[in-house]
Amino acid sequence: MSNRGRKKGSNGERSREQLLTIAARQFANNGFFETKVSSIVKEAGLTQPTFYLYFKSKEAIFTELAAIFKARLLNLTEASLLESGLKEEMIKIEIKGKLGTIFRFFKENPDLTQIGFFLSEDGESLKSLLAETIYMNLVQEQKDGYFHPHLNMHVVSEIIVGIMERLTISRLFTGLAEPEELAEEVVELLLFGMQVYR
């Protein structure tokens, strides 16, 4: 997209960021079809011509918001790969911290999360890509001896995505749990299971 006609400098960048923030909130609250450019600019205190300096259409700003969520989430997921050579007592701590960071991202960006996970037409393909990224991490961690060699990491990665998606809706967005609490629960389940050994 051409920069011709855009406002220069920090004022223009602030206006663009403001439009992104307000659009994210309105899309998350009202859905794509009920959100109007006119309502976005009204809340922003800007004009429709100003909106079109930065975005070609409502579809364009929605697509950019979904892309922002995708990039940030995949970066966090790629960074969650455990380093090789960890001592046994550090494995749970490391996984909990990395998963907690992802849940924290969801909590601090609820509008982006709604758009990227649930409203975007690309939401399902993003979840598949997320599962594939988690799978690649798990396979490497399996090779490093952190997890049982017999586990099907394709299945495990899909389970993790499902857990993340559901708990974000039912526990995180409702305020029933903090990111670190959810991470603790998930890690306890995945690492130690449910059965009481006698």
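Against the list (1) small (Gly, Ala, Ser); (2) within 16 Å of the chain's Cα centre (by Cα); (3) surrounded by 13 or more Cβ atoms within 10 Å (Cβ to Cβ), the condition Ala177 fails is (2). The number of residues in segment 134-159 being among the hydroxyl-bearing types (Ser, Thr, Tyr) and in a helix (DSSP H, G or I) comes to 2. Only a single item in (1) within 13 Å of the chain's Cα centre (by Cα); (2) surrounded by 15 or more Cβ atoms within 10 Å (Cβ to Cβ) is not met by Ala71, and it is number (2). Taking every residue in segment 4-24 that is on the phi < 0 side of the Ramachandran plot and at pLDDT below 95 and pairing it with any residue that is part of a helix (DSSP H, G or I) and open to solvent by less than 70 Å² (accessible area, probe 1.4 Å), at least 6 positions away or on another chain, the pairs with Cβ-Cβ distances below 7 Å are Arg6/Gly12; Arg6/Leu53; Arg6/Tyr54; Lys7/Ser15; Lys7/Leu53; Ser15/Thr50. Evaluate the following for Phe51: is it within 27 Å of Gly162 (Cβ to Cβ), among the aromatic types (Phe, Trp, Tyr) and either open to solvent by 20 Å² or more (accessible area, probe 1.4 Å) or touching a residue at least 12 places away in the same chain (Cβ under 8 Å) (or both)? No: the conditions fail for Phe51.
When segment 160-198 is limited to residues that are among the β-branched types (Val, Ile, Thr) and assigned to a helix (DSSP H, G or I), the one that is nearest to Met90 (Cα to Cα) turns out to be Val187.
The residue list Ala60, Ala71 contains one member that is among the aliphatic types (A, V, I, L, M), farther than 30 Å from Asn137 by Cα, in a helix (DSSP H, G or I) and modelled with pLDDT of 95 or more, which is Ala60. Yes or no: segment 137-156 includes at least one residue that is of a type outside the set (Val, Ile, Thr), touching a residue at least 40 places away in the same chain (Cβ under 8 Å) and closer than 27 Å to Ala23 by Cα. No, that holds for no residue. For segment 118-133, a residue qualifies if it is part of a helix (DSSP H, G or I) and not charged (D, E, K, R), and the qualifying residues are Phe118, Leu119, Gly123, Ser125, Leu126, Ser128, Leu129, Leu130, Ala131, Thr133.
The values are calculated or read from the model by the stated rules, or taken from the named source; none is laboratory data. Please read all numbers here as calculations on a predicted model, not as lab measurements. Please note: Cβ atoms are built from the backbone with ideal geometry, for glycine as well, and neighbour counts cover all protein chains shown. Ligands, DNA and RNA are stripped out before the accessible areas are found, and what is left, the full protein with its side chains, is counted by its heavy atoms. Shrake-Rupley method; radii C 1.70, N 1.55, O 1.52, S 1.80 Å.
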